[in-house]
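Encoded as C-alpha cells, the structure appears first; notes follow it.
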Amino acid sequence: QVQLVESGGGFVQPGGSLRLSCAGFGKISNMNALAWYRQAPGKQREFVAIVTSGGTTNYADFVKGRFTISRDEVKNALYLQMNSLKPEDTAVYYCKALRYGTIYWGQGTQVTVSS
C-alpha cells in the first residue's frame, strides 16, 4: 500500500538550505514518476520538480539551479534538496507519485523562509 509521508520541512533564513524527504512508496522502482509540488497561502498548488523512472528530471523555472530532486531505490525515498532559499519559497511542499494512471499524494510539509 502506498502512503506517502513527507518530512524535513521547517523554518530557515533566506539563503539557507533544507532537504525534504518523502517515503512510503513501497517499492519506489514501481513508480512511473515522482514529483514535488508546493502550495503557498492563497495560491494554487504548483509544480516544482519531477523525476521519471528513467531518471529524467525537470524543474519549474523558479527553482532551476537552486533545487535538486533525487530518488534512492535502496532507501525507497524521494528527496528535494533546496538551496538558496527565498521568502517566496515559503509553502507547504507535497510529494506526488504516479503509477500507471494512479496518483498518490502525501500530506505535505511546511517550509517557511523568513528573516
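The values are calculated or read from the model by the stated rules, or taken from the named source; none is laboratory data. None of the values given here were measured: they were computed from a predicted structure. When we count neighbours, we look across all protein chains shown, and the Cβ atoms used for this are built from the backbone with ideal geometry, even at glycine. In case anyone asks, the SASA skips ligands and DNA or RNA and just uses the protein heavy atoms, side chains included. Shrake-Rupley method; radii C 1.70, N 1.55, O 1.52, S 1.80 Å.
Within the stretch 46-54, is there a residue that is among the hydroxyl-bearing types (Ser, Thr, Tyr), open to solvent by 50 Å² or more (accessible area, probe 1.4 Å) and part of a loop (DSSP other than H, G, I, E, B)?
Applying the first criterion (among the hydroxyl-bearing types (Ser, Thr, Tyr)) to the stretch 46-54 yields 52-53.
From what is left, the residues that are open to solvent by 50 Å² or more (accessible area, probe 1.4 Å) are 53.
Checking which are part of a loop (DSSP other than H, G, I, E, B) leaves us with 53.
Within the stretch 46-54, one or more residues are among the hydroxyl-bearing types (Ser, Thr, Tyr), open to solvent by 50 Å² or more (accessible area, probe 1.4 Å) and part of a loop (DSSP other than H, G, I, E, B).
For the stretch 3-25, what are the residues that are under 15 Å from residue 77 (Cβ atoms) and either exposed (fewer than 15 other Cβ atoms within 10 Å of the Cβ) or among the hydroxyl-bearing types (Ser, Thr, Tyr) (or both)?
3, 5, 7, 19, 21
Can you tell me which residues in the stretch 72-90 are crowded, with 22+ Cβ neighbours inside 10 Å and part of a strand (DSSP E or B)?
78, 80, 82
Take the residues in the stretch 55-71 that are closer than 23 Å to residue 2 by Cβ and touching a Leu at 6+ places or on another chain (Cβ under 8 Å); name whichever of them is surrounded by the fewest Cβ atoms within 10 Å (Cβ to Cβ). Steps first, answer last, please.
To start, the set of residues in the stretch 55-71 that are closer than 23 Å to residue 2 by Cβ comprises 55-58, 69-71.
Next, only the ones that are touching a Leu at 6+ places or on another chain (Cβ under 8 Å) stay: 69-71.
Values: 69: 20, 70: 15, 71: 20.
Ranking the qualifying residues of the stretch 55-71, first place goes to 70.
Could you check residue 115 against (1) closer than 25 Å to residue 1 by Cα; (2) surrounded by fewer than 18 Cβ atoms within 10 Å (Cβ to Cβ) and say which number it fails?
The number of the failed condition is (1).
What number of residues within the stretch 12-33 are over 15 Å from residue 107 (Cα atoms) and outside any loop (DSSP other than H, G, I, E, B)?
7
Mind listing just one residue for me: the one in the stretch 34-45 that is part of a strand (DSSP E or B) and of a type in the set (A, V, I, L, M) and, of those, farthest from residue 90 (Cα to Cα)?
That would be 34.
Just one of 42, 8 is on the phi > 0 side of the Ramachandran plot, in contact (Cβ under 8 Å) with a residue 60 or more places away in the chain and out of contact with any Phe, Trp or Tyr (no Cβ under 8 Å at 6 or more places or on another chain); which is it?
Sole residue among the options that is on the phi > 0 side of the Ramachandran plot, in contact (Cβ under 8 Å) with a residue 60 or more places away in the chain and out of contact with any Phe, Trp or Tyr (no Cβ under 8 Å at 6 or more places or on another chain): 8.
Consider residue 103 against the criteria (1) within 14 Å of residue 18 (Cβ to Cβ); (2) touching a Lys or Arg at 6+ places or on another chain (Cβ under 8 Å); (3) among the β-branched types (Val, Ile, Thr): it satisfies all of them except one. Which criterion is unmet?
Condition not satisfied by residue 103: (1).
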